Amino acid sequence: MEQSVLTASGLTMRYHNTLALDDLTLNLPKGKIVGLLGPNGSGKTTFIKLAAGLLTPKAGSIAICGQTVGTPTKAMVSYLPDRPYFNKSRKVSELLDYFQDFYADFDRKRAEHMLAALGISPDTRFKALSKGNQEKVQLVLVMSRRAKLYLLDEPIGGVDPAARDYILNTIISNYDPEATVLISTHLISDVERVLDEFIFLYNGKVIRSGSADEVREETGKSLDELFREVFRCLPNC
């Protein structure tokens, strides 16, 4: 049985003359919630887009459950981008239809149950929802798939603290324990309570990673405190 959901080796990505990922190598273990943590411009979104199969690396390799990222792996990955991509004039029910038609692993009953708990009517048009509720609908759709890997790019970046709590609780309670969740964020204090493992990313390189609990025990610091300490000494941070 594959113990790593995602493996990346020597991963390099450039945008013109800008190096976004620099010979990056890492493994994401099965059944963990992992924080991909770093300041803006550190390469988090680029890595997530590569894992989702939306970009092709300039060098190196990346695989999901042992398969090179490509068309077959898209069925294993549930991806939440850092900005809405839906047609905002659509009703929530039409978004459910879209996911049901497009993803064989979409659990519509689970999605409808979560929307009902939020008091969001399927007849509501997406554009009529508050920003917080739009974020929740997107997360409900993504977390209602039975994926092997969930890629969540800044899922709490643009919402209020109450919405953040709901989003994090939804992540904890709605993923398969055999699957892995990768959460990209720079809001460490908000997200660290749900993390099993962490990756500090800077200028496209992993500068520290490990178990969230172990590093707290070893250093006596929260992840947020450790993050601030590590990045305080680096240029542009």
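Dipole magnitude of the range 4-232 about its Cα centre, charges +1 at Lys/Arg Cβ and -1 at Asp/Glu Cβ only, in debye to the nearest 20? Intermediate results must be reported in sequence, preceding the final value.
Values: 29 positive and 28 negative charges, 152 e Å.
Here the size comes out at about 720 debye.
Per-residue 3J(HN,Hα) values for the range 197-205, derived from phi via the Karplus relation 6.51 cos²θ - 1.76 cosθ + 1.60 with θ = phi - 60°, read 9, 9, 9, 8, 10, 8, 6, x, 10 Hz in sequence order (x marks Gly and Pro). Candidate values (1) 48, 35, 34; (2) 76, 47, 36; (3) 50, 39, 38 were compared with Cα extents along the principal axes in Å computed on the shown model; the agreeing label is (3).
Around the amide H of Gly31, modelled in the peptide plane, lie the amide H atoms of Ala179, Thr180, all under 5 Å away and 5 or more residues distant in sequence or on another chain.
What's the magnitude of the charge dipole for the range 132-237 around its Cα centre, counting Lys and Arg as +1 and Asp and Glu as -1 at the beta-carbon? Answer in Debye, nearest 20. All intermediate terms of the calculation are to be shown ahead of the outcome.
Numbers: 12 positive and 18 negative charges, 65 e Å.
Charge dipole of the range 132-237: 320 debye, to the nearest 20.
Near the amide H of Lys205, within less than 5 Å, lie the amide hydrogens of Asp22, all on another chain or at least 5 residues away, with H placed in the peptide plane.
Of the options Gly220, Ser173, Tyr103, report the single residue whose Cα projects farthest towards the positive end of the charge dipole of the chain (beta-carbon charges: Lys, Arg +1; Asp, Glu -1). Of Gly220, Ser173, Tyr103, it is Tyr103. Our estimate of slack between Ala162 and Tyr98, defined as 0.36 nm per intervening residue step minus the Cα-Cα distance, is 20.2 nm. When Ser78, Ser89 are arranged by Cβ crowding within 10 Å, least crowded first, meaning fewest neighbours, the order is Ser89, Ser78. Compute the label zone of Leu54 within the range 125-168: residues whose backbone N is under 13 Å from the point 7 Å along Cα-to-Cβ. Only 151-155 pass the distance filter.
Computed from phi, the 3J(HN,Hα) profile of the range 175-181 under the Karplus parametrisation 6.51, -1.76, 1.60 (θ = phi - 60°) reads 10, 5, x, 8, 8, 10, 10 Hz, with x in place of Gly and Pro.
Between the beta carbons of Phe86 and Leu19, assuming R0 = 30 Å, the FRET efficiency works out to 0.40 to the nearest 0.05. Going from the fewest other Cβ atoms within 10 Å to the most, the residues Thr18, Thr170, Thr12 appear in the order Thr18, Thr12, Thr170.
Mean sequence separation of contacting Cα pairs (under 8 Å, at least six apart), scaled by the length of the chain, corresponds to a relative contact order of 26 percent.
Once the Cβ-Cβ distance of Asp123 and Gln3 is raised to the sixth power relative to R0 = 35 Å, the FRET efficiency obtained is 0.20.
Since every read-out is calculated from the coordinates, none of them should be taken as a lab result. Being a predicted model, the structure only gives us computed values, none of them experimental. Positions of Cβ are backbone-derived with ideal geometry, glycine not excepted, and every protein chain shown enters the neighbour counts.
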